[in-house]
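To start, the structure itself, in structure tokens.
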Amino acid sequence: MAQFRFKALDEVLNRKPIEIERENNLVSDYYGMLVFDQAKMKKYLSREAYKAVTDAVERGTIIDRKMADQVAQGMKAWAIENGATHYTHWFHPLTDGTAEKHDAFIVHGADGSVIESFSGTLLAQQEPDASSFPSGGIRQTFEARGYTAWDPSSPAFISETTLTIPTIFISYTGEALDYKTPLLRALNTIDKAATGVCQYFDKNVSRVTANLGWEQEYFLIDEALYMARPDLMLTGRTLMGHASSKDQQLDDHYFSSIPTRVNKFMQDVENEAYKLGIPVKTRHNEVAPNQFELAPIYEEANLANDHNQLCMDIMQKIARRHKFRILFHEKPFAGINGSGKHNNWSLSTNTGVNLYSPGKNPKSNLQFLTFVINTLKAVFDNQDLLRASILTSSNQHRLGANEAPPSIISVFLGTEVSAMLDLMEEAVVDRKMTPDEKTALKLNIGRIPEIILDNTDRNRTSPFAFTGNRFEFRAVGSMANNASALIVLNTAVADQLKKFKAEVDAHIEKGVKKDEAIFQVLKTLIIDTKPIRFNGDGYSVDWVKEAEKRGLSNIGNVPDSLAAYLREDYIDLFKRNGIFNKTEIEGRVEVEYEKFIMKVQIESRVLADIAINHIVPTAVEYQTMLLENVKNLKEVFPEEEFLSLAGGRLDLIREVGSHISAIKAKRKEMIAARSKANKVEDVIDRSKEYDKEVRPFLDDIRDHIDRLELIVDNEKWPLPKYRELLFIR
Ligand code: ADP
Ligand code: MG
């Protein structure tokens with residue numbers, strides 16, 4: 001039974017760090033060598049084609065057919081010179097991961113030979129046979145086909161031998177079937193809204209860009225051990241396994257010396273990432289054993305998100321080269337930290353100003369406060385939507401598990417900014433302010449230190465924290481496509497900025513001076529948003545009670561959380577900002593409900609299989625061994641002596657027996673619960689049934705298995721144990 005486990009352990013004993021082939025020169029010499037970036041466009045494109053692309057990127061203009069043809073020729077020439085034989089449209093469907101279908105450049109030439117060919121049409125648009133991607137019924141309702149369309153704002157790159165073109169994926173009737181389309185819409189909306197507000201402070205601002213710096217956490221597990229764990233292979237997390245006696249209690253993994261095998265893996269990933277123009281910067285050991293983190297320098301949000309998806313893909317591939325498997329699941333192991341993907345988010349102007357950085361004078365600080373306070377209001381009004389954007393079946397295990405932000409959305413501002421908000425609330429009076437009052441307030445606003453990074457408390461327990469020059473949305477899951485969170489965040493903030501501008505303009509129209517109008521509206525927002533401000537410990541029990549008193553919502557399960565998307569006010573938010581129409585939201589939410597159901601269903605099947613095919617036979621074998629021993633003792637010893645010698649074993653036999661019976665019975669009940677749930681027609685009701693009636697069995701059955709693991713002879717235990725998975729590297 002336990003052969004596979006011991007064979008795996010044997011194999012692991014012989015692992016050596018894999019030597020990697022690194023480019024020899026400086027990183028800055030080969031950075032972006034596989035990307036069709038500005039420099040290469042300049043070289044390979046005519047001046048007008050180059051301008052067509054940069055205009056499209058900077059101003060959203062359309063690239064016409066003739067120009068697209070020219071761009072395609074340049075791209076092809078560059079790609080072929082760099083070893084590409086194929087091209088593909090690369091997109092982000094509503095699954096976990098990206099999609100690509102490669103086509104060779106070759107076409108038949110005149111004389112039966114083949115030649116390499118690529119055109120503007122092929123660059124701009126493709127129609128993959130995409131009927132198997134989830135669409136939540138959108139394509140059934142409208143048109144069966146979907147097509148991909150070039151996103152010139154994210155440069156093409158070469159992956160192995162394929163020219164890869166980032167694209168959006170939409171239905172023939174224009175409905176978004178992916179993550180990128182609505183993200184681009186949201187980024188466009190926040191550009192307009194934020195630019196409008198910036199006009200109060202600086203007329204030179206004509207464009208605002210949203211930035212994203214992601215921090216990717218992950219686990220690395222030795223390949224042989226991973227293969228011996230069907231649960232890891234099929235669900236990405238361990239469905240059973242008793243805690244290791246030692247795991248993260250001593251905090252001795254966090255930031256400690258990086259194990260050599262892992263370090264080689266990281267260098268290999270970085271090397272590839274640099275070639276692809278992904279500015280990865282930080283690497284370190286995380287809190288849990290065998291948990292690590294990778295973070296790049298932040299970039300424009302759409303590009304940064306493409307880079308995150310691409311990087312996850314590279315990491316998966318390179319992990320195999322190093323005989324590791326990478327786990328992006330938010331909670332691969334019970335009882336120790338899970339993985340997140342902090343989304344560091346900010347807005348910056350074409351004039352080079354970070355709108356979330358305090359400035360040098362009262363005016364720039366008032367602009368800073370305007371953006372901070374409006375963000376606060378956006379988070380307050382859209383807390384349920386923000387949660388819905390990040391709460392998934394896997395992230396559910398992480399949130400609220402005393403290591404990650406709870407399922408209550410709150411905002412941490414730090415002492416400095418909080419104090420400034422309190423001061424403003426008091427200093428702005430309801431009547432017209434006197435010149436002295438205004439001057440005093442402006443002076444105070446001017447006093448916010450330019451760099452408050454060092455004195456923010458860096459509260460790690462907040463789901464949404466201000467960290468000196470950006471907000472950090474920490475509740476995002478490590479497996480997630482960041483777009484899900486970014487769509488909601490950017491839309492919510494854009495919408496609030498528009499409302500803010502409308503209100504300030506209304507005051508100005510009534511004859512109030514601009515700065516006073518801004519003060520007044522900000523004051524009402526400061527008062528409105530008090531409940532969402534929380535600088536304390538987000539993990540504490542007291543906070544749950546306090547949050548309830550404040551009227552903040554606290555939803556920990558996926559079905560109820562997802563329901564937010566279908567609320568009329570939120571549907572309207574998406575509609576009026578041009579992000580989703582109702583059909584798109586409904587389609588998307590259906591996909592999410594289905595995903596949740598499928599994932600719970602798969603976990604339940606895998607656990608049932610492990611329980612009955614791996615654990616029960618092992619336990620029975622061990623029990624039989626005990627019985628043999630007891631029988632022998634009985635034969636040899638007189639009754640009284642036998643009882644004192646075998647008493648403990650008799651108890652053990654009963655205990656093993658009771659776990660076996662419980663596992664078998666609960667497995668049956670779980671299967672029955674599943675078939676009952678499967679019969680529920682409505683997808684929302686079905687997901688609730690899965691959540692309430694099926695999911696609890698996973699913990700229940702696991703509990704019996706984990707107890708058996710502590711009893712059964714180690715030599716017989718079939719699946720690698722937590723200590724082996726977590727400490728071998
Ligand atoms: P920590 O773990 O201390 O939060 P890291 O250095 O691991 O910090 O990650 C911080 C991330 O935030 C990086 O990706 C960094 O580039 C990004 N970041 C820094 N400044 C900004 C900003 N103004 N806007 C968006 N992201 C930023
Ligand atoms: Mg961080």
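The values are calculated or read from the model by the stated rules, or taken from the named source; none is laboratory data. Note that the structure is a prediction, hence the values are computed from the model and not measured. Reconstructed Cβ throughout: ideal geometry from the backbone, glycine too, with neighbour counts over all protein chains shown.
Numbers at a glance
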| item | result |
| --- | --- |
| Residue within segment 323-342 that is away from ligand 1 (no atom under 16 Å from the Cβ), without any contact (Cβ under 8 Å) to a residue 24 or more places away in the chain, under 26 Å from residue 300 (Cβ atoms) and assigned by TED's automatic domain parsing to the domain that holds residue 527 present | no |
| Criterion (farther than 29 Å from residue 581 by Cα and not hydroxyl-bearing (Ser, Thr, Tyr)) met by exactly one of 487, 526 | 526 |
| Matching entry among 174, 196 (being modelled with pLDDT under 95 and either under 22 Å from residue 573 (Cα atoms) or among the hydroxyl-bearing types (Ser, Thr, Tyr) (or both)) | 174 |
| Cβ-Cβ under 8 Å pairs, at least 6 apart or on other chains, segment 289-316 side in contact (Cβ under 8 Å) with a residue 40 or more places away in the chain and not assigned by TED's automatic domain parsing to the domain that holds residue 255, far side within 16 Å of ligand 2 (Cβ to nearest atom) and part of a helix (DSSP H, G or I) | none |
| Hits in segment 293-310 - residues which are within 19 Å of residue 183 (Cα to Cα) and either more than 16 Å from ligand 1 (Cβ to nearest atom) or not small (Gly, Ala, Ser) (or both) | 298, 299, 300, 302, 303, 305, 306, 307, 308, 309, 310 |
| Strands (runs of 3 or more DSSP E) contained entirely in segment 58-117, each with at least 2 residues that are modelled with pLDDT of 95 or more, of a type in the set (Phe, Trp, Tyr) and on the phi < 0 side of the Ramachandran plot | 86-91 |
| Single residue of 481, 444 found to be away from ligand 2 (no atom under 16 Å from the Cβ) and at pLDDT 95 or above | 481 |
| Qualifying position, being closer than 24 Å to residue 320 by Cβ and within 30 Å of the chain's Cα centre (by Cα), among 87, 30 | 30 |
| Complete set of residues in segment 238-257 that are closer than 23 Å to residue 283 by Cα and in contact with a helix residue (DSSP H, G or I) (Cβ under 7 Å, 6 or more places away or on another chain) | 247 |
| Members of segment 464-478 that are more than 12 Å from ligand 2 (Cβ to nearest atom) and of a type in the set (A, V, I, L, M) | 475 |
| Of residues in segment 234-285 being aromatic (Phe, Trp, Tyr) and within 26 Å of residue 724 (Cβ to Cβ), the one surrounded by the most Cβ atoms within 10 Å (Cβ to Cβ) | 265 |
| Residue check, residue 538 surrounded by fewer than 16 Cβ atoms within 10 Å (Cβ to Cβ) and of a type in the set (Gly, Ala, Ser) | no |
| Per-region count, segment 352-374, residues of a type in the set (Val, Ile, Thr) and away from ligand 1 (no atom under 15 Å from the Cβ) | 2 |
| Test set (1) within 16 Å of ligand 2 (Cβ to nearest atom); (2) more than 30 Å from residue 239 (Cβ to Cβ); (3) in contact with a strand residue (DSSP E or B) (Cβ under 6 Å, 6 or more places away or on another chain) - residue 299 fails condition number | (3) |
| Whichever residue in segment 215-251 is more than 16 Å from ligand 2 (Cβ to nearest atom) and of a type in the set (Phe, Trp, Tyr) and, among such residues, is farthest from residue 395 (Cα to Cα) | 226 |
| Count of segment 186-216 residues which are assigned to a helix (DSSP H, G or I) and surrounded by fewer than 20 Cβ atoms within 10 Å (Cβ to Cβ) | 4 |
| Any pair with Cβ under 8 angstrom, 6 or more apart, that starts in segment 660-684 at a residue that is among the acidic types (Asp, Glu) and ends at one that is modelled with pLDDT of 95 or more and assigned to a helix (DSSP H, G or I) | 669/697 |
| Qualifying positions in segment 575-621 - outside any helix (DSSP H, G or I) and surrounded by fewer than 19 Cβ atoms within 10 Å (Cβ to Cβ) | 578, 581 |
| Residues of segment 327-347 satisfying the condition of being away from ligand 2 (no atom under 16 Å from the Cβ) and buried (at least 21 other Cβ atoms within 10 Å of the Cβ) | 327, 328, 329, 330, 331, 332, 333, 336, 347 |
| Checking residue 273 against (1) within 16 Å of ligand 2 (Cβ to nearest atom); (2) more than 19 Å from residue 338 (Cβ to Cβ), the condition it does not meet | (1) |
| Selection count where residues are of a type in the set (Ser, Thr, Tyr) and either under 41 Å from the mean Cα position of the chain (by Cα) or closer than 13 Å to residue 535 by Cβ (or both), scope segment 407-441 | 4 |
| Pairs, first outside the structural domain of residue 608 (by TED's automatic domain parsing) and in contact (Cβ under 8 Å) with a residue 60 or more places away in the chain in segment 213-238, second within 16 Å of ligand 1 (Cβ to nearest atom) and among the β-branched types (Val, Ile, Thr), C-beta under 9 Å, six or more apart | 213/297; 214/476; 215/282 |
| Of the criteria (1) within 13 Å of ligand 1 (Cβ to nearest atom); (2) under 19 Å from residue 462 (Cβ atoms); (3) in contact with a helix residue (DSSP H, G or I) (Cβ under 6 Å, 6 or more places away or on another chain), which one residue 386 fails | (1) |
| Where residue 378 falls short, out of the listed (1) farther than 23 Å from residue 484 by Cα; (2) small (Gly, Ala, Ser); (3) away from ligand 1 (no atom under 16 Å from the Cβ); (4) part of a helix (DSSP H, G or I) | (1) |
| Candidates 462, 484, filtered to the one that is more than 16 Å from ligand 1 (Cβ to nearest atom), in contact (Cβ under 8 Å) with a residue 60 or more places away in the chain and within 20 Å of the chain's Cα centre (by Cα) | 484 |
| Single condition residue 283 does not satisfy, out of (1) among the charged types (D, E, K, R); (2) within 16 Å of ligand 2 (Cβ to nearest atom); (3) in contact (Cβ under 8 Å) with a residue 60 or more places away in the chain | (3) |
